[in-house]
Amino acid sequence: MTNILLNLDHEPRFNDIRVDDIKPALQTAIAQAREQIAQIKTQSEITWRNTVEKLTDITEKVGRIWGVVAHLNSVVDTPELRAVYNELMPEVTVFFTEIGQDIELYERFKAIKNSPEFAKLDAAQQTKLANDLRDFVLSGAELPPEQQAEFAQLQTESAQLSAQFSQNVLDATDAFALYFDEDALSGSLKGIPEDALGMFQAAAQAEGKSGYKVGLQMPHYIAVMTYADNRELREQVYHAYATRASELGKAEWDNTAIINRTLEIALAEAKLLGYQNYAELSLVTKMAETPKQVLNFLRDLAQRAKPFAQKDLAEVREFAAKNLGLPEIQSWDLAYASEKLREAKYAFSETEVKKYFPASKVLSGLFSQINKLYGVNLMEKKVSVWHEDVRYFELEKDGAIIGAVYMDLYAREGKRGGAWMNDYRGRRRFLSGEKKSEIQTPTAYLVCNFTPPVAGKEARLSHDEIITLFHEMGHGLHHLLTRVDELGVSGINGVEWDAVELPSQFMENFVWEYNVLREMSEHEDSGETLPESLFNKMLAAKNFQRGMFLVRQMEFALFDMLIYSESNESSLKNWAEVLQKVRAEVAVVQPPEYNRFANSFGHIFAGGYSAGYYSYAWAEVLSADAYAAFEESGDVKTTGAKFWNEILAVGGSRSAAESFKAFRGREPKIDALLRHSGFDVEIA
């Protein structure tokens, strides 16, 4: 029987992938790759095609197999899959590290840079070569052999710790369960909306139980924290969520030691490469230049937001004391009291809004907006998928298929929390071999954790979930609408990490346009579209508690940048104290002592945002300013074409600063972000 994973030229037959196929496929691919790399180094002539392109061919094959395995590990976790993933992680890390440290390959890449051929390369190829040379250095290619070995060992351990961190959070999340019978509807579960109760009921039924099961998956958590009238239930669920993967739970899932060791490894790697701390190393590949610049940016934004946050908190405290019998508001009361305040202040509820947005209609509306912006159509196609919820769409432009996206939108056990876009493959044009002149079209995975459909009813999305969908599709379009032919800098590849959120956050803005929302709406009972009167209430509430939200984001980003800016190894374990100091500086809400937020902060300990969480705020300056161009012109088609040409199409083939300037005609300004956030007014 053919091993599917050794033939991934097309979309994978996910249904037919067996866990037993993974190890032989990967080990075969790595062995073949090593032989082919050895052949590259025997070539007397050094050219782009026999060196750079050939290495791209080799690493892409291994990377694609591992990418499929890593993706499945994130969305359909099983003990068997996890075991083989953890077993092979070191082998994959060693393989890519040894390429990055291969001095002979490094010298060959330098030879191309210094050869007459370099001037004949196009801009994308020249950018890729510059990135490759930089990455050789950052992989330790210039280190002496004993330090190379140390660096490689650190890389392997770091990859293993990252995987373990995520698995601990997933296990701690999935392990929590509260069960209720029908009597709870007038007690513990009172106040929770019907669709959430249906979700709880379906969760119990999946285990062969009657009644209701409350877990910690995000739709469960949000439903309880926002709507449960029972304060004891809110506190119980909050405590469980806030202590996940910590010493306050099951010892085997405690991430404390992993955080300590992750920080030690990051600092050790940075010092081996000649940097004072990991933050300096991280910024080598980003728009921002120094940790100090980032810290100043974050503190400036926090300072602007904090007065608004203090006003937000005072308002909800006063409301809770007067109307909810909560003289002292706690962390588990905040979402509940805030939703009640919003309902009272703006005369609508999120539950009411949700009834207007069936998932199928929302997807149609998203696709319609993409068509208006870029003239691209999305068409569903039946293919092999990893779960029955997954759908697959091809992107068509002028009769040609230019890309495809898998959408896995609903929460379930065994699926990592959060929302993300990842790539199955990137765009490239083959310059030689059997596929010469062929273009490989890109394919993306778009993964969310929305409230799932229950009892045969279609899922309905909250406005926040629609924002998340547009956000992740923004990432997807960045990857799928590229016109760059060089794999290393096409789509999201090669884009500075603090600019990668520009297209995603840009797309969020359209979910605040009435015509966009009306087109994707259909009330579950009446079939009516979203009334403009309700939209106007939503718009009035757009910046409700925006100050509190932004200082919370600044808290996360400052914590991240400060712990990775630590240069003294003996101080690394003080990260909990650093978090307390950051909260004292910028936060307006102090969580309870038992809160162990950092222990599940996967972005910076397992998600690629180490010394990079500031990227969300940094890129929001860019995205708000980019959207302002649409506000100013009013011509969606022309401005959309320019955004595609200057931002999306070029991918990582030039710097994000150059791309933004080409689109906007100037450097970015913070004014649009402040205006969109409601921070351009004086506080009364």
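The values are calculated or read from the model by the stated rules, or taken from the named source; none is laboratory data. None of the values given here were measured: they were computed from a predicted structure. Using ideal geometry, Cβ is built from the backbone for each residue, glycine included, and neighbour counts are taken over all protein chains shown.
Please determine whether any residue of region 626-637 is surrounded by 22 or more Cβ atoms within 10 Å (Cβ to Cβ) and either among the hydroxyl-bearing types (Ser, Thr, Tyr) or over 13 Å from Leu373 (Cα atoms) (or both). Yes; the residues of region 626-637 include at least one that is surrounded by 22 or more Cβ atoms within 10 Å (Cβ to Cβ) and either among the hydroxyl-bearing types (Ser, Thr, Tyr) or over 13 Å from Leu373 (Cα atoms) (or both). Among the residues of region 536-588, the ones that are of a type in the set (Asp, Glu) and under 23 Å from the mean Cα position of the chain (by Cα) come to 2 in all.
Listed by first and then second residue, the pairs linking a residue in region 326-337 that is free of Cβ contacts under 8 Å to residues at least 60 places away in the same chain to a residue that is assigned to a loop (DSSP other than H, G, I, E, B) and hydrophobic (A, V, I, L, M, F, W, C), with Cβ atoms under 9 Å apart and 6 or more places separating them unless they lie on different chains, are Ile329/Val589; Ala337/Leu324; Ala337/Leu326; Ala337/Ile329.
Is at least one residue of region 568-582 outside the structural domain of Asp132 (by TED's automatic domain parsing) and in contact with an Asp or Glu (Cβ under 6 Å, 6 or more places away or on another chain)? Taking every residue of region 568-582 in turn, at least one turns out to be outside the structural domain of Asp132 (by TED's automatic domain parsing) and in contact with an Asp or Glu (Cβ under 6 Å, 6 or more places away or on another chain).
Can you pull out the residues in region 313-323 that are within 21 Å of Phe549 (Cβ to Cβ) and touching a residue at least 12 places away in the same chain (Cβ under 8 Å)?
The first filter runs over region 313-323 and keeps only residues within 21 Å of Phe549 (Cβ to Cβ), leaving 313-320.
Correct list: Leu313, Glu315, Val316, Arg317, Phe319, Ala320.
Scanning region 386-432 for residues that are at pLDDT below 95 and in contact with a Pro (Cβ under 8 Å, 6 or more places away or on another chain) yields no hits at all.
Cβ-Cβ contacts under 6 Å between residues 6 or more apart (or on different chains), taken from a first residue in region 114-127 that is part of a helix (DSSP H, G or I) to a second residue that is of a type in the set (D, E, K, R), are listed as Ala124/Glu486; Gln125/Glu486. Kindly indicate whether Val516 is part of a loop (DSSP other than H, G, I, E, B) and either more than 18 Å from the chain's Cα centre (by Cα) or without any contact (Cβ under 8 Å) to a residue 12 or more places away in the chain (or both). When the stated conditions are applied, Val516 does not pass them.
Of the residues making up region 304-355, those that are part of a helix (DSSP H, G or I), charged (D, E, K, R) and within 23 Å of Pro193 (Cβ to Cβ) are Asp333, Glu339, Lys340, Arg342, Glu343, Lys345, Glu350, Glu352, Lys354. If I ask for residues that are over 29 Å from Phe597 (Cα atoms) and either of a type outside the set (Asp, Glu) or within 19 Å of the chain's Cα centre (by Cα) (or both), which ones from region 154-187 would you list? Ala184, Leu185, Ser186, Gly187 - these are the residues of region 154-187 that are over 29 Å from Phe597 (Cα atoms) and either of a type outside the set (Asp, Glu) or within 19 Å of the chain's Cα centre (by Cα) (or both).
Give region 375-391 a look and list any residue that's hydrophobic (A, V, I, L, M, F, W, C) and outside any strand (DSSP E or B), or say none.
Applying the first criterion (hydrophobic (A, V, I, L, M, F, W, C)) to region 375-391 yields 376, 378-379, 383, 385-386, 390.
Listed by number, the residues that qualify are Val376, Val383, Val385, Trp386, Val390.
For beta carbons closer than 6 Å, sequence separation of 6+ or different chains, a first residue in region 666-679 that is crowded, with 20+ Cβ neighbours inside 10 Å and a second that is modelled with pLDDT of 95 or more and not hydrophobic (A, V, I, L, M, F, W, C), the qualifying pairs are Pro668/Asp625; Ala672/Asp625; Leu673/Glu620; Ser677/Arg546.
I'd like the residue in region 552-599 that is assigned to a helix (DSSP H, G or I) and touching a Ser or Thr at 6+ places or on another chain (Cβ under 8 Å) and, out of all such residues, is farthest from Glu328 (Cα to Cα). Talk me through it step by step, then tell me what you get.
Taking region 552-599 as the starting set, the residues that turn out to be assigned to a helix (DSSP H, G or I) are 552-564, 569-586, 597-599.
Keeping just the survivors that are touching a Ser or Thr at 6+ places or on another chain (Cβ under 8 Å) gives 560, 564, 599.
Working: Asp560: 30, Tyr564: 35, Asn599: 27 Å.
Filtering first and then ranking leaves Tyr564.
Within region 15-45, the set of residues being of a type in the set (Val, Ile, Thr), surrounded by fewer than 18 Cβ atoms within 10 Å (Cβ to Cβ) and closer than 18 Å to Thr59 by Cβ comprises Thr28 only. Yes or no: Glu458 more than 30 Å from Ile58 (Cβ to Cβ) and either out of contact with any Ser or Thr (no Cβ under 6 Å at 6 or more places or on another chain) or among the aliphatic types (A, V, I, L, M) (or both)? So Glu458 passes the test.
Can you pull out the residues in region 632-658 that are without any contact (Cβ under 8 Å) to a residue 24 or more places away in the chain and not in a loop (DSSP other than H, G, I, E, B)? Give the derivation first.
The initial filter retains those residues of region 632-658 that are without any contact (Cβ under 8 Å) to a residue 24 or more places away in the chain, namely 632-635, 638-639, 642, 645-646, 658.
Hits for region 632-658 are Glu632, Ser633, Thr638, Thr639, Lys642, Asn645, Glu646, Glu658.
When restricted to residues that are without any contact (Cβ under 8 Å) to a residue 12 or more places away in the chain and under 17 Å from Arg427 (Cα atoms), region 371-411 contains 1.
When Glu142, Glu146, Glu87 are checked against the criterion of being outside any helix (DSSP H, G or I) and either under 30 Å from Asp408 (Cα atoms) or not β-branched (Val, Ile, Thr) (or both), Glu142 stands alone in meeting it.
May I ask you to verify whether Asn86 is touching a residue at least 60 places away in the same chain (Cβ under 8 Å) and surrounded by fewer than 16 Cβ atoms within 10 Å (Cβ to Cβ)?
yes
Among the candidates Thr97, Thr93, the residue that is farther than 27 Å from Ser44 by Cα, touching a helix residue (DSSP H, G or I) at 6+ places or on another chain (Cβ under 8 Å) and not in a loop (DSSP other than H, G, I, E, B) is uniquely Thr93.
So which of Thr97, Thr78 is assigned by TED's automatic domain parsing to the domain that holds Asp135, out of contact with any Lys or Arg (no Cβ under 7 Å at 6 or more places or on another chain), buried (at least 17 other Cβ atoms within 10 Å of the Cβ) and not acidic (Asp, Glu)?
Details: Thr78 fails: buried (at least 17 other Cβ atoms within 10 Å of the Cβ).
Testing whether each residue is assigned by TED's automatic domain parsing to the domain that holds Asp135, out of contact with any Lys or Arg (no Cβ under 7 Å at 6 or more places or on another chain), buried (at least 17 other Cβ atoms within 10 Å of the Cβ) and not acidic (Asp, Glu) leaves just Thr97.
In region 144-202, what residues are β-branched (Val, Ile, Thr) and closer than 30 Å to Pro79 by Cβ?
Thr156, Val169, Thr173
For Ile467, the criteria (1) farther than 17 Å from Tyr406 by Cβ; (2) β-branched (Val, Ile, Thr); (3) crowded, with 19+ Cβ neighbours inside 10 Å hold in every case but one, which is (3).
Residues that are in contact with a Phe, Trp or Tyr (Cβ under 6 Å, 6 or more places away or on another chain), within 27 Å of Asn595 (Cα to Cα), not charged (D, E, K, R) and not assigned by TED's automatic domain parsing to the domain that holds Gln236: does region 316-329 have at least one?
The initial filter retains those residues of region 316-329 that are in contact with a Phe, Trp or Tyr (Cβ under 6 Å, 6 or more places away or on another chain), namely none.
No, region 316-329 contains no residue that is in contact with a Phe, Trp or Tyr (Cβ under 6 Å, 6 or more places away or on another chain), within 27 Å of Asn595 (Cα to Cα), not charged (D, E, K, R) and not assigned by TED's automatic domain parsing to the domain that holds Gln236.
I'd like to check something: does region 443-455 contain any residue that is exposed (fewer than 14 other Cβ atoms within 10 Å of the Cβ) and either more than 30 Å from Phe200 (Cα to Cα) or of a type in the set (A, V, I, L, M, F, W, C) (or both)?
As a first pass, look at region 443-455 and keep what is exposed (fewer than 14 other Cβ atoms within 10 Å of the Cβ): 455.
After this cut, where a residue has to be either more than 30 Å from Phe200 (Cα to Cα) or of a type in the set (A, V, I, L, M, F, W, C) (or both) as well, the list is 455.
Taking every residue of region 443-455 in turn, at least one turns out to be exposed (fewer than 14 other Cβ atoms within 10 Å of the Cβ) and either more than 30 Å from Phe200 (Cα to Cα) or of a type in the set (A, V, I, L, M, F, W, C) (or both).
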